[in-house]
Amino acid sequence: MVRRGEVRRDIRNGVVVNSIVHALPRACYVHVPFCAHRCGYCDFTLIARRPDLVDDYLTALAVELATLSQPQTVDTLFFGGGTPTYLSAHQLRRLCELFRHWMILDSGYEWSVEANPTDLTNDKLDVLREAGVNRISLGVQSFDADQLKLLERDHDGMVARDAIARLRERFENVSLDLIFGVPGQTLEQWHATLEQAIALGVQHISTYGLTFERGTQFWSKRTKGMIASVPEETERAMYEAAMDRLPRQGYLQYEISNFAQPGFACRHNQTYWRAEPFFGFGPGAASLLRGVRRTNHRSVTTWIRRTLAGEPSVGEQEELDQEAAAREAVMLGLRQCHGIELAAFEQRFGTSLRSLAPEAYDHFVKAALLERSSTHVWLTCEGRCLADSVILEFL
Ligand code: SF4
């Protein structure tokens, strides 16, 4: 018997042909592309200060969901953004009801919603909890007033702490996003941010190094010399501090940027890192279905207009052949701290991981950036610091 996700070897015209047996999606991502303001470092798909578009967006989502022939059963549902909690309580209820209709949540499900501290009124929290949301990911980024101002965030440390306290009263799984490498930030300040996050007793902490994406205000400000990246060695020391401090406080690192108390790793994101299929809805949302990755149009207004008009709203579409799928699985799988299971990889893609880049593989093992056992290969701590360069060699 061939299980889903494995390679099936067929003989066609006397030639052995490998073909992937595609699994059914068990995860669903919904992009909510609204924010009060576009932060200077952000290049996500969103539209700022347009509450007038939310009702049309919700109607368009209903149209997009109706392209499914029937409701689907999933293990994880994730509302990301943008800022889902930018919606009013009434609009959030409409959004939740829409997905409760089309996505049947299997027992033990995980339903995450990204939130912004400033938007978190108690009535919105109650709507989410009553709908069945059981995980909130809060974009705190920092507790330091100067850093938050530089990042153009609209909350301060007190607002963030108050939001976390109210979240913890209602949800058993609360995650914080933190950013390091903010211009002017010192290693000591980053240590203080980590300590404050730990003291709040949340279940999950994500730490991201600030990136300067082309096209953002931060990119142009840095080009003009108005702000500067923190020195590379300081940024690395900040990342190493997170990898050292958080596990000692019970937050086990399970992915390059993610730390969780036991049992609280984000199951939805693990779907991506295992290169498993998933549904995606909303502008800019990607889906991976039957080996085809589709990304919806990134313009919020274009996506709404086309979807409501019954026109195609997919911006890009790519069918992954077996080798491309294998390389992508390495790129994603190496992000996980336990790495990639070699036998399962070979069974799924019909090729060994090493065969994708034999010289680089041997070099990285020798340089102690990759470590392997008889069953797995994974990035070492040093390898995680240089993850982008290592992974690039397999693409
Ligand atoms: S709140 Fe988040 S999603 Fe919205 S603009 Fe700022 S960084 Fe981007």
Practice problem: Give region 126-136 a look and list any residue that's assigned to a helix (DSSP H, G or I) and either free of Cβ contacts under 8 Å to residues at least 24 places away in the same chain or buried (at least 24 other Cβ atoms within 10 Å of the Cβ) (or both), or say none. | Solution: 128, 130
Self-check item: Scan of region 24-66 for residues that are open to solvent by 60 Å² or more (accessible area, probe 1.4 Å) and within 15 Å of the ligand (Cβ to nearest atom), ordered by number
Solution: 37, 38, 43, 44, 49, 50, 51
Self-check item: Residue list for region 137-175, restricted to those being outside any loop (DSSP other than H, G, I, E, B), closer than 19 Å to residue 205 by Cβ and either within 16 Å of the ligand (Cβ to nearest atom) or not assigned by TED's automatic domain parsing to the domain that holds residue 202 (or both)
Solution: 137, 138, 139, 140, 141, 147, 148, 159, 160, 163, 175
Quiz item: When you go through 212, 218 one by one, which is the residue that is among the aromatic types (Phe, Trp, Tyr) and part of a loop (DSSP other than H, G, I, E, B)?
Solution: 212
Quiz prompt | Selection from region 215-235 of residues that are open to solvent by 60 Å² or more (accessible area, probe 1.4 Å) and polar (S, T, N, Q) | solution = 217, 223
Quiz item: For region 339-355, how many residues meet the condition of being surrounded by fewer than 18 Cβ atoms within 10 Å (Cβ to Cβ) and touching a strand residue (DSSP E or B) at 6+ places or on another chain (Cβ under 6 Å)?
Solution: 1
Self-check item: Residues satisfying the stated conditions in region 137-163, i.e. free of Cβ contacts under 8 Å to residues at least 40 places away in the same chain and basic (Lys, Arg)
Solution: 149, 161
Quiz item: Is region 68-86 home to any residue that is modelled with pLDDT under 95 and hydroxyl-bearing (Ser, Thr, Tyr)?
Solution: yes
Exercise. Output the qualifying pairs, or none if there are none: Cβ atoms under 6 angstrom, residues six or more apart or on different chains, first residue in region 244-265 and in the same structural domain as residue 194 (by TED's automatic domain parsing) and farther than 19 Å from residue 199 by Cβ, second residue small (Gly, Ala, Ser) and in a loop (DSSP other than H, G, I, E, B).
Key: 254/265
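The values are calculated or read from the model by the stated rules, or taken from the named source; none is laboratory data. Since we're looking at a predicted model, the values are computed, not measured. Neighbour counts are summed over all protein chains in view; Cβ atoms, including those assigned to glycine, are modelled from backbone coordinates with ideal geometry. Protein only, heavy atoms only, side chains kept; ligands, DNA and RNA dropped before computing areas. Shrake-Rupley method; radii C 1.70, N 1.55, O 1.52, S 1.80 Å.
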